[in-house]
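**Q** Before anything else, here's the structure in question.
Read-outs throughout are calculated quantities, based only on the coordinates presented, and are distinct from any laboratory measurement. Just so we're clear, the structure is a prediction, and the values are computed from it rather than from any experiment. Heads up, the Cβs are rebuilt from the backbone with ideal geometry, glycines too, and the neighbour counts pull from every protein chain shown.
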Amino acid sequence: MRNTVSTSLTNQKLQCPTMQFMLLFSRQGKLRLQKWYVPLSDKEKKKITRELVQTVLARKPKMCSFLEWRDLKIVYKRYASLYFCCAIEDQDNELITLEIIHRYVELLDKYFGSVCELDIIFNFEKAYFILDEFLLGGEAQETSKKNVLKAIEQADLLQEIRGVPLYLQKPPEDLQVSREDLLSNTTNNRT
Amino acid sequence: MSDVVEKTLTALPSLLSLDSQPGSAKLSSTSKLGNLVRGITELTSKHEEEKLIQRELASIKEQVSSPNTSMRQMKELMVRAIYCEMLGYEASFSYIHAIKLAQQGTALEKRVGYLAVSLFLNESHELLLLLVNTVLKDLQSTNLIEVCMALTVVSQMFPKDMIPAILPLVEEKLNHQKEIIRRKAVLALYKFYLIAPNQVQHIHNKFRKALCDKDPGVMTASLHIYLQMIQENPEGYKDLTASFVTILKQVVGGKLPMDFNYHSVPAPWLQIQLLRILSALGKNDQSTSEIMYDVLDESLRRAEMNHNITYAILYECVKCIYTIHPKSDLLEKAAKCIGNFVLSPKINLKYLGLKALTYVVQQDPKLALQHQMTIIECLDHPDLIIKRETLELLFRITNAQNVTVIVEKMLDFLRVSTDDYTTIDLVGKVAELAEKYAPDNEWFIETMNTVFSVGGDMMQPDIPNSFLKLLSEGFDSVEEDRKLRLFAVDSYVSLLQGEPGKLPQRFLQVISWVLGEYSHLRAELQPSTVMRLLSKLLDTKNTSSETKTWVLMTMTKLCEGAAGVSVAQEVSEAYSSSLDTVLRQRAQELQHLSQDSELRARVVPRDAGLEPLEVDSSLSFLDGFVSEALAAGAAPYKPPHQRQEELAQAKALSLEPYGLSLPISISSCSIADRQSPTLLSMSSGLSGDSTDLSHKGGSTTLKLDGVKRVWGKEGYLAQREPVEETAQVEVPSPFRSPSQQAEADSSHSQTPTPVPTPEPTQERQQLASSLFVGLSSQSSVCLMGKSESAPQRFKRKAKSPSSSSGASEQISNSLVSAPSTVDNLLCDNLLDANISSELAVSSPTQTSRLSQSLTTANGTCDVELTNTKGSNPSLIRDISVAVAADSTPHEDPDKPKDLCLSSHLPAELSGFSHSEITPLCSNQSLDLSACHVQQKDSLVLVVFIYNSSYSDIQQILLELDSDDLEVSGVCGSPVQEVGSQSVAVCQYSLSVKRPSVHVEVGGMVSYQLPVGTPQSAQFSYRLPLTSFIRPLTLSTEEYGTMWLAFSHDTKQNLTLINAGHESLAATLNVLKKKLQLHIVEIIGLEGIVACRLLQDQPCLMHCRVHAGTLAVWLRSPVPDLPDCLMYYCQRALQEH
C-alpha cells in the first residue's frame, strides 16, 4: 500500500519516478538549468546542488560517469563547457540514463543548431520546453527525436511574430561564456 | 543567401518593436534578460552579484504588482524571475503571478506561466490549489496546445486531493485523436497512480487500451504504469506476458518506425522498459518465464553493436535472465556477456559489469571466481566508485575463510572515504560480517573497535546496540563468553590509557558500559583504577553530556572500596550541580549509592544483564495522580498529532466556500467539526450544483444536534484517561540504548595493521587466493544458496537469546575446511537431489565441475533455498550448507497431488469460513500449503506440512515473519516431526501491525531428513486486509465521539448502486456483505458505518449521496487504514 502524500512527506516513502532530478551547470559551477521530479524544499535543493556541483567538478576526466551520492546514483557527462547531471535510484540503469542525457543534447543541438552554453543561458525557457517534451515527470515521454521537435515547433508557431532565424538570436559577442558546440567532441553522433 | 535576406526582412517588425520579447526579438544584448545575464558575467565577486540580483528582484517585484503590466511584459518578468531563482535567490513573490499568467495569458504567455509554476512550486505547495481551475479550463480548451500544456503540468505536479476534479477530463483525453494528447494523458494518469493509486483503480481497463494503442509513443507511455503495477502485484498481470513478449519481439525485429531508432538501435528505452516488466513477471514463475526465453535470447543476440546503448540493453537483459526462472543456455550467454562488461577497458562498462556481477553472484558465486583477477585490479582502481562497487561485490561473497581479508579491504576504504553515506553503509556491512564470520575473539573485538572509531557517531545506532547485546547475552559456552568479555575489557582499558579524547562518543559509551559490567572479570584490575580512567573522560572537553551520563552510571556500578568511593564522591560533587538535569540525577544516584553498598548491590546487581526488567508501560500507578490533577482543573492530555493538527488547522487555507454556511450544511458537516470537509465541499462547488444542498431538509440529515454539544472542542475528550501525559518519565536502566549524538568526532584511534599494498602479479595472485578462498567449495555445495550461507558461521552469532544445543556447533566446526567434507556434503546433496549415479564422484576437481553442471541444470529454484542471514532459527544456525533441491518437475510421480488438506483443518476451526488452501512451496520431500480462517476476534493462519517422502522428517522448524503483521503461534509447541506421507498442521494467530492493501507473511521452514543435511525453504503468503476487518457495533453517539478523536482520514467519491430511493441502503448493504461492516444508522441521504481492524482498531465511515455518487469519508486512528479500506470499498462496488 502506498502512503498518502501527507504521510510520505514525513517518512520519505514516496513513490519516485525513474529520474529524480536533472541539473545543468557550467565548468565554473554556475547552474544553467534545474529540473526536480521529486518534491523537495528550496533549502534541500540548494544544498544538493551545491554538494553535487562540487563533487562532479572535482572528478577527473577519465573517471567513471557514475557516482554514488547519498542513497542515489548520479550520472553525469560533460559536453564542452557544460555538465549534465542526473540522479536516479541505485537499481536503475546508469547507461541508459547517460544516453538520455545524450539524446537531450542532440535535441537541443537540433533545435538551436549547433547548441552551445550561451544558447542555453539566453533561451533557457526553450531548453525547459524541450526537456518537458522529452522527459515528463521524470520518465522518458517521447524518444522519437522528430516527434519531440514537432511538438516544440507547433507550440512555437503560436508566437505572433515568428521567423527570426536563430542565428540572429545569437547572444552578443563580448560575453565571457563558452560558445563551444556541446556536441563538438562527438561529431559522429550528429545526424 | 536570399533565404537569409528574406528571413531578416520578416524579422524586421519584431526588431523594431520596442517590447523586448525573449524568444523572438532576441538581440539579447538589448533584452532585459540579456542585460541581466551580461551584468552578472561581468561581475567578479559574489557580493556584487548578490547586490545586482537584489536590485533586479526589487524591480521585478515592483513591476509584477503594478496593474499596468501587460501579460506580455509579465511573461518576460517571469523568465527573469526564474533566472534569479536558478541563481539561488528567492523570488517567492512571483509565484502567485506565475499562476495568474498561466490563467490569463494567451497561449504563449500561458506556456511560460505553466513553466514558471512547475519550476517554482512543488506538489505540496498550497498555491497549487489555485491552478486547479486554470487546468480545468485548459483541459476543455479547443486549442490543442493549451490542452497539451495543461496535461504537461498535471503530469508533473497536481494536488492529490483535487485529482477527482480533473480525472474525468483526463480520462476522456485517452480517446483523443491526436497521439500527443493521448500520450500525455497516459502520463498524467501515471502521475496520479504514483501519488494516489486508489483514485485510478477503476480505469485499469483503459490502461489496457493505451497499451494496445496504434501509436508506439502512447504504448510506451503506458508501460510506465504497467511496470509500476506489475512490480507491486505481478500475479494480476500474468496474462499480459505474451503481449509484452510480442511487443518486444517486434521492437527487437525493427518493426517500429525509424524515428524511434537511437543510433540505429530500435527504441532502446522501450526495450529496457519491457525487459524490466518481463523480469518482474517471470520472477519465481517458471511457466511465465518459459514464454520469454526466446525473445531474451534474441535480444542478447541482436545487441551486438559496440555502443553504450546496446550495452544498456544487454545489462537489462542479463539482469532479467538472472531474475526469472533460470534456463541454462541463457545463463551461460548472460555470464559471457557480463565478462564482456567486466573486461571492457571503458570504465563505465567496467562499473556496470561489477554491478551486474554483484547482482548475480548471489545466485552463482562461481562467476566471481572467473573474474577474480579483474576484481583484484578493480580493488586498486584510482576511481573510488569502482573500488566501492568492488567491495560491494566482495561483501556478497564473504565467507568464514575470506572474511579477514575482505573486512581489511573494507576498513582500508573506510579510512580514506570522506562521504558520510558510504561510511555509514560500509560500517554497517563490516559489523554484519564481523558478527557473522569472526574467526576469533581478538579479531572480532579489534574489528569492532575500528568500526566504532571510524563509524563514529553517525553509524546506525543498532550497531553498538547489537554489539552490546551480543556481549551481554553471551553464546553457548560460558568460557567463551568470559574470554570475549575479558578481551574487550583489556582492549578498552588500553584504549582509555591512550588518547580517549579522540574516540567518538558512541564508542566511549560502549566502552563505559562494558567496563561497568565486565571489568570485574579481570581480577587484578582495581575498580578504582577503571574509575580514574573514566573520570579522565569526564574532564575532557569534547565529551558530550550523554556520554558523561553513561560514565556516571558505570561508576555507580563500580564504586567499591575506599578508593572507589572517594572518586565517586569527588565526581558526584562536581556534577550534582550540573545544569543538565539528567546528569545531575545520575550524580545524585552515584552519591547515594556509593555510600550505601547494600542498596547498591540491590539496585545494580552484578551480571544482571540478562534479567528482564518489568516495566509498567501503561504507567497505571500514575492514574490516581492524573485523576486528581484533572479534578483540580488541569487540561486533559492530547496526543501530539492531535495538537499539531489543531495548530496546523489554524494556519491552513480554508477550503470551505462561504456559501456553505447554510443551516443545512452545518448539520451535514458537523461530523467534521474539527476539519473542513475539503472534498465534499469542493466537489459540490466544482460541479456547480449548489442546489443539491437544499435537497437535504433539516429532517433528512443525521440527527446529530444533540451529540454536537457534547463534542465541543473539549467535551468527550475530557473523559479520556490522559495517562500518556507522564510517559516521558525515565526508567533508569543500565540498558539505555545509546541514542543519536549530534556532534561527530570520528577519529582513528585504533588502527589495525594495514595490509601491504599488493604490487606485482604474484602478490595479486596471493590476494586472489585469499579473497576467493572457499568460494569454489562453497559453490559446489551451495548451488543456489546465497553466498551468505557460507560454511562455518562464527559460532558466537547468537541472535536468539536462548540458544540451543552446543552439539550442532561442534558438528559444524568439524565440518569446516576439512577437504573431505566437501565431498561428503556433496554426496548427501546428490542423494537428496535424486541425481543419478554418474554424478556420484568424489574427487574434488570433478565435483566442482559437476557442480557447475548441476547449477546450470537446476538453475535457481522456485523456492529460494537459503540459510538466510539474521533471522535464522537456532536449530540450523550453525549448519553450514543450504542444499538446493532439484526443482525441475521430475518429482515422484506417485505423489498424491490432490490431497484433501481441508480435512486436516483443526476441529475448533472447522466451524468458520476458511480461504482456499494455497500451496506455499514444495520440494522433493515437503509440501507446504496454507489457508486463513476468519474467527470472530482473530485471524488464524493454518499451515499444512505434508511429508511426501518415504521417511520421517525431523526437526522441522517453521518460522514466520512479517513486516506488516504480528505473528504468534497458537498451539503450544510447534511441529517437530512429520511422519512419512502424513500431514502436520501449524496454527498462527495474525494481527495487523501496519495496514496495507495486501499483507504478507514471509516464512522459512527448515528440516532434517534422516539421512542428509539440513534443508530449508522460504515461502510467502499473501492475504487481503479485508480478512482482518470485522463489524464494529456501536451507537450513533459513540460514533460521534470517536469520529472526533481520529486523525487519519481519506475522502473519495465512489459509485452508487442505483436502486431508486434505496440507493444508499443498497450500496451500504453491498459493502456490509462484502467487507463485514456494521451500518450504524442511515438517515436520509447520509449513512454512518463502522468496522474494526483486528485487534480493536476502529475505522469509521461517513457516506453521503451527492450528485449521483457516494461521497465517502473514512477516519481511523490507524495510519493508512482509511486508504486501504477505501480501496476495498471501491473494488466491492465496482465488482458488484
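**Q** Computed over the Cα atoms of the range A:1-150, what is the convex hull's projected area averaged over all directions, in nm²?
**A** Averaging across all directions leaves 9.6 nm² for the Cα convex hull.
**Q** Also, quick follow-up: Hey, which of these cross-link pairs are over 25 Å Cα-Cα: A:K146/B:K173; B:K160/B:K319; B:K319/B:K350; A:K45/B:K173; B:K173/B:K238?
**A** Those over the limit are B:K160/B:K319; A:K45/B:K173; B:K173/B:K238.
**Q** Work out from phi, with θ = phi - 60° and the Karplus expression 6.51 cos²θ - 1.76 cosθ + 1.60, the ³J(HN,Hα) of each residue of the range B:216-229, listed in order in whole Hz, and give x for Gly and Pro.
**A** Values, residue by residue: x, x, 5, 4, 4, 4, 5, 5, 4, 5, 4, 4, 4, 5 Hz.
**Q** Let me ask something else about it. Give me a comma-separated list of calculated 3J(HN,Hα) values for the range A:62-77, in order, Karplus coefficients 6.51, -1.76, 1.60 applied at θ = phi - 60°, integers in Hz, x for any Gly or Pro.
**A** 7, 7, 4, 7, 10, 9, 9, 9, 6, 9, 10, 10, 9, 10, 9, 8
**Q** Would you please name the chymotrypsin sites (Phe, Trp or Tyr not before Pro) within the range B:437-534 that are DSSP coil residues with at most 14 other C-beta atoms within 10 Å of their C-beta?
**A** none
**Q** Just flag the GluC sites (Glu not before Pro) in the range B:441-530 sitting in loop per DSSP whose Cβ has no more than 14 other Cβ atoms within 10 Å.
**A** B:E524
**Q** Whole percent per 10 Å bin, from 0 to the bin with the longest distance: what is P(r) over all C-alpha pairs of the range B:419-519?
**A** For the range B:419-519, the pair-distance distribution reads 15, 52, 29, 4, 0.
**Q** Rounded to whole Hz and in sequence order, give me ³J(HN,Hα) for the range B:1031-1036 from the Karplus expression 6.51 cos²θ - 1.76 cosθ + 1.60, θ = phi - 60°, writing x for Gly and Pro.
**A** Rounded to whole hertz, the list is x, 10, 8, 7, 8, 4.
**Q** Further question: Looking at the range B:950-1029, which GluC sites (Glu not before Pro) are in a loop (DSSP not H, G, I, E or B) and have at most 15 other Cβ atoms within 10 Å?
**A** Details: sites: B:E959, B:E966, B:E977, B:E1000; in loops: B:E977.
Answer in residue order: B:E977.
**Q** Starting from the alpha-carbon convex hull of the range B:239-305, give the projected area averaged over all orientations, in nm².
**A** 4.3
**Q** Among B:M157, B:M459, rank each residue by its count of other Cβ atoms within 10 Å, from fewest to most, as a rough exposure measure.
**A** On the way: B:M157 21, B:M459 26.
In increasing order of surrounding Cβ atoms, one gets B:M157, B:M459.
**Q** Pairs of lysine in the range B:445-596 with Cα under 26 Å and at least 8 positions apart or on different chains: total?
**A** Taking the Cα cut-off of 26 Å, the pair count is 13.
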